[in-house]
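The values are calculated or read from the model by the stated rules, or taken from the named source; none is laboratory data. Because the structure is predicted, anything quoted here is derived from the model rather than measured. Cβ coordinates were reconstructed from backbone atoms using ideal geometry, including for glycine residues, and neighbour counts include every protein chain displayed.
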Amino acid sequence: MILTKKEKKERITKIVKALKEMYPLALCSLEYEGSGYKLLVMGRLSAQCTDERVNIVCKTLFEKYPTPKSLADAELEDIEKIVKPCGLYKMKAKSIKEACQLLHYTYNDIVPNDIDTLLTFPGVGRKIANLLVGDLYGKPAIVADTHCMRICGRFGMYKEGVKDPLKTEKILSELIEPVEQSDFCHRIVLFGREYCKAQSPKCDTCPIKELCVSKEKTKG
């Protein structure tokens, strides 16, 4: 089914409302305790890794390195040992150390509040940058992670199977009210884990299946 832009906006508005009722708290899955430093590091470690594992690993990481300066000045090998369970550990350790150097020595431990500046940080792409400005500063932000891209395709916001974060961000930012964007992205993660899984989505029990146009829904 091909939807017009007007139909997409009407549909996503209903989805936003439904998800708000299902998940009123819209909590970030990363346990960053309101710290921009921690969210910056955890966002980087979450690439190709579960938030649950990142939360576990970062308990040890932040106990040893509680401040941006402590991580910026840490031995790279020590960081690698701690973050190894998150995968791609050499690359991730290098980028979080360099990002913390920039955070401490250039920005006085304050995470910048604009996307363009955040994109100058090592290891920070649009996904992490949007997460930071949305969670820390309450700005409109579409975090186009795998859950968001998969599920919004199934909802008919674009062709199902699209895996282009920038394209997804652009489309959704034009359809979802700015004030709802950041919380919507947290809720879509929760919805993806509970119902709209990548494999074997629970279409039969999905409470908002009437808003879905997915080919998965019509299988069988």
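Quick notes
- Options 184, 121, 191; residue that is at pLDDT 95 or above and either touching a strand residue (DSSP E or B) at 6+ places or on another chain (Cβ under 6 Å) or farther than 18 Å from residue 15 by Cβ (or both): 121
- Residue tally, condition surrounded by 20 or more Cβ atoms within 10 Å (Cβ to Cβ), more than 12 Å from residue 183 (Cα to Cα) and charged (D, E, K, R), over segment 106-144: 1
- For the residues 154, 150, 126, the requirement of being charged (D, E, K, R), more than 25 Å from residue 210 (Cα to Cα) and out of contact with any Lys or Arg (no Cβ under 6 Å at 6 or more places or on another chain) singles out 126.
Okay, residues lined up against (1) at pLDDT 95 or above; (2) out of contact with any strand residue (DSSP E or B) (no Cβ under 6 Å at 6 or more places or on another chain); (3) assigned by TED's automatic domain parsing to the domain that holds residue 40:
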{"site": "116", "(1), (2), (3)": "yes, yes, yes"}
{"site": "131", "(1), (2), (3)": "yes, yes, yes"}
{"site": "161", "(1), (2), (3)": "no, yes, no"}
{"site": "178", "(1), (2), (3)": "yes, yes, no"}
{"site": "219", "(1), (2), (3)": "no, yes, no"}
